[in-house]
Amino acid sequence: MNPFITIKELKLKLERKEISAAEVRAFYTDRIKKFNPDLNAVLEIFESNESTETGPLAGIPGLLKDNICQKGHITSAGSKILANYQAPYSATVTTRLQEAGAELIGRANMDEFAMGGSGEFSAYGPTKNPWDAQYIPGGSSSGPGAAVAAGLVPFAIGSETGGSVRSPATFCNLVGMRPTYGSISRFGIVPFASSLDQAGPLTRTVYDNALVFSALAGKDANDSSTLQREPKDYTAGLDGKLPKNLKIGIIREALEAEGIDPEVRNVFDNAVNQLKSMGATISVIDIPNLKYGIALYFIISRAEAASNLYRYDGTLYGVRSKEAKTLVDMYLNTREAGFGTEVKRRILVGNYTLSAGHRDAYYDKAQQIRAMLRAEFEAVFANVDLLISPTCPILPWKINALIDDPLAMWLSDYFLVSNCITGTPALAIPGGFAQNGLPIGFQFLGPSLSEELLYKVAHAFQENTDYHTKYPKGYE
Ligand code: GLN
């Protein structure tokens, strides 16, 4: 079987009984065993299947990012502090996939507590990019991205706080959806920054992505932030055509911001021209407060992370340090030994911004600018249907190249974080390749609840281009 088969094609094969679900599962499990020692994308293979045998994803294998609970399995969020944490219940994402018939065959590596954009910050070692193992695959959903790109699985579920699905999508030539905040339940997903966190699928095609999203989206009584969305088949409108009179806005920074790699700009220009030739009207728009996106994300995500991560102190969850004489020493030793450098950096900054005397100046101020940014996005979407921008301003970097330069890494999230702050959706798709052969993606951003439109436009783009049909060498 072609390991890069789409879910759509695999579904047909299963329905026609050309292959059985057990054979498909064994095929991909064997591939993980063969290729994962080099890639380090998968942390554990699940041997048994708890899914129903019917449903829209019946027999389709997938991986869960290591921060999504599956009852009875370890969920470590890429951290040593949760190395022994066995989930007592399943995330809603997990049960919905199981109800749709998907075969969950393992859990995938990630940056610790989803803090990172490269896949280098997992306590279980960095994940490699299948396109070139010297390079990062993007993060923090590094394992989900690398695994789908290498054909170890047809789909994986990642999570985004500020771009963590779209970053690996871009660097691994995949499709990654960051849905409207509240589309997918966060119940059973290890929290990072609760006002930003949202899960999303990684797949090789837009169609497949819409199919998986259809199984996940919807109200959940266990997560009060979920929206009342009627269950829908998001593949239904995918006819390969752009909607009539489609208006797409280019975010001016995409053309003018310093630090955009010329090869990224080139891919972006080509995508814009392609969409024009397909009939879209393109205009350049301004979002004046976009430049504050990184600062807002920095403050809000660190503050909420510090609050969420206070619970890992050795009393309730995970690994407890035994070398302590007093209770306070136990807390300190547990956190000192359990958290990695990047996580500690963020907890420190987060607690500082929330501390007495600083909260007004940082967290509360950030919430005010957040409201302004939201209003600016709304105003823009009164005039254009969608926005388009690069996903990441720079090319994937070599593993360890930026490890001592956290600022450069954080800045690479420039185009990824703003819509997470406003709670609006974005879809990253393949757009071409750099001279060194590594993939480059771009993204569409839409107003709240515009997933259907995002999928329709991106699908039409894929029907007219072939970037998404290219696979990394050596994984046939
Ligand atoms: N790269 C971003 C960060 O480091 C995004 C993380 C995420 O979306 N989980 O925080």
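The values are calculated or read from the model by the stated rules, or taken from the named source; none is laboratory data. The shown structure was predicted, so the numbers you read here are calculated from the model rather than taken from an experiment. With ideal geometry, Cβ positions are generated from the backbone for all residues, glycine too; neighbour counts draw on all protein chains shown. SASA here: full protein model, heavy atoms, side chains in, ligands and nucleic acids out. Shrake-Rupley method; radii C 1.70, N 1.55, O 1.52, S 1.80 Å.
In the range 237-379, if every C-alpha pair distance is counted and binned at 10 Å from zero, what percent goes to each bin?
P(r) over the range 237-379, rounded to whole percents: 10, 24, 22, 19, 16, 7, 2, 0.
Report, to the nearest whole %, how much of the accessible area of the chain belongs to carbon and sulfur atoms, 1.4 Å probe, protein only.
Of all accessible area on the chain, carbon and sulfur atoms account for 52 percent.
Under 17 Å from a point 7 Å along the Cα-to-Cβ line of K291: which residues of the range 250-268 have their amide N that close?
Of the residues in the range 250-268, 251-260 have backbone N under 17 Å from the label point off K291.
I'd like the accessible area for L296, computed on protein heavy atoms only with a 1.4 Å probe and all protein chains in place. Round to 10 Å², please.
Spelled out: L296, probe radius 1.4 Å, area about 10 Å².
Ignoring everything except DSSP H segments at least 4 long, calculate the 222 nm mean residue ellipticity for the chain; use -39,500 (n - 2.57) per segment, divide by total residues, nearest 500. Kindly include the intermediate steps, with their values, before the conclusion.
Details: 15 runs with 166 residues, N = 476.
It comes out at -10500 deg cm²/dmol, rounded to the nearest 500.
How do 48-59, 438-449, 228-239 rank on mean C-beta neighbours within 10 Å, highest first?
Working: 48-59: 16.5, 438-449: 24.3, 228-239: 13.9.
Packing order, densest peptide first, comes out as 438-449, 48-59, 228-239.
Under a Cβ-Cβ cut-off of 12 Å, what is the net charge of the residues other than F298 that fall near it, where Lys and Arg count +1 and Asp and Glu count -1?
+1
Step through the table entries K65/K344; K11/K33; K241/K456; K65/K219; K291/K344; K291/K365, compare each Cα-Cα distance with 18 Å, and write down the pairs that go over it. Mind showing how you got there, number by number?
On the way: K65/K344 21 Å; K11/K33 23 Å; K241/K456 7 Å; K65/K219 21 Å; K291/K344 26 Å; K291/K365 15 Å.
Table pairs above 18 Å Cα-Cα are K65/K344; K11/K33; K65/K219; K291/K344.
Counting alpha carbon pairs within less than 8 Å and at least 6 residues apart, what relative contact order, in whole percent, applies to the chain? Mind dumping the intermediate values first?
Details: 1130 pairs, mean separation 85.0, N = 476.
Relative CO of the chain lands at 18 percent.
With Cβ to Cβ distances under 13 Å as the rule, what net charge do the other residues near K244 carry (K, R +1; D, E -1)?
Charge balance near K244 sits at +1.
If you place +1 on the Cβ of every Lys and Arg, -1 on the Cβ of every Asp and Glu, and leave all else neutral, what size is the dipole of the range 61-134 about its Cα centre, to the nearest 20 Debye?
So the dipole magnitude of the range 61-134 works out to roughly 200 debye.
Less than 15 Å Cβ to Cβ from F339, Lys/Arg counted +1 and Asp/Glu -1: what total charge do the surrounding residues give?
Taking every Cβ under 15 Å from that of F339, the sum is +3.
Relative to the Cα centre, what is the charge dipole magnitude of the chain, using +1 at the beta carbon of each Lys and Arg, -1 at the beta carbon of each Asp and Glu, and rounding to the nearest 20 debye?
Magnitude of the dipole: close to 320 debye.
Rounded to the nearest 10 Å², what accessible area does L332 have for a 1.4 Å probe in the complete protein model?
In the full protein context, L332 sits at about 100 Å².
From largest to smallest, what semi-axes in whole angstrom does the chain give when each is the square root of 5 times an eigenvalue of its alpha carbon gyration tensor? Mind showing how you got there, number by number?
On the way: eigenvalues 190, 161, 86 Å².
Semi-axes, largest first: 31, 28, 21 Å.
Specify which residue in the list S185, A434, L411 is farthest towards the positive end of the charge dipole of the chain, using unit charges on the beta carbon of Lys, Arg (+1) and Asp, Glu (-1), about the Cα centre.
S185
Could you give the nm distance between label points at I19 and A133, where each point is 7 Å from its Cα heading toward the beta carbon?
2.4
Could you sort L354, L387 by their accessible area in this structure, using a 1.4 Å probe and putting the largest first?
Largest accessible area first, the list is L354, L387.
Suppose accessible area is computed on protein heavy atoms with a 1.4 Å probe; arrange K33, K325 from highest to lowest.
Listed by decreasing accessible area, they come as K325, K33.
Rounded to the nearest 20 debye, what is the charge dipole size of the range 118-214 about its Cα centre when +1 sits on each Lys and Arg Cβ and -1 on each Asp and Glu Cβ?
80
Efficiency by 1/(1 + (r/R0)^6): what FRET value for T469 and M372, r their Cβ-Cβ distance, R0 = 41 Å, to the nearest 0.05?
Between T469 and M372 the formula returns 0.50.
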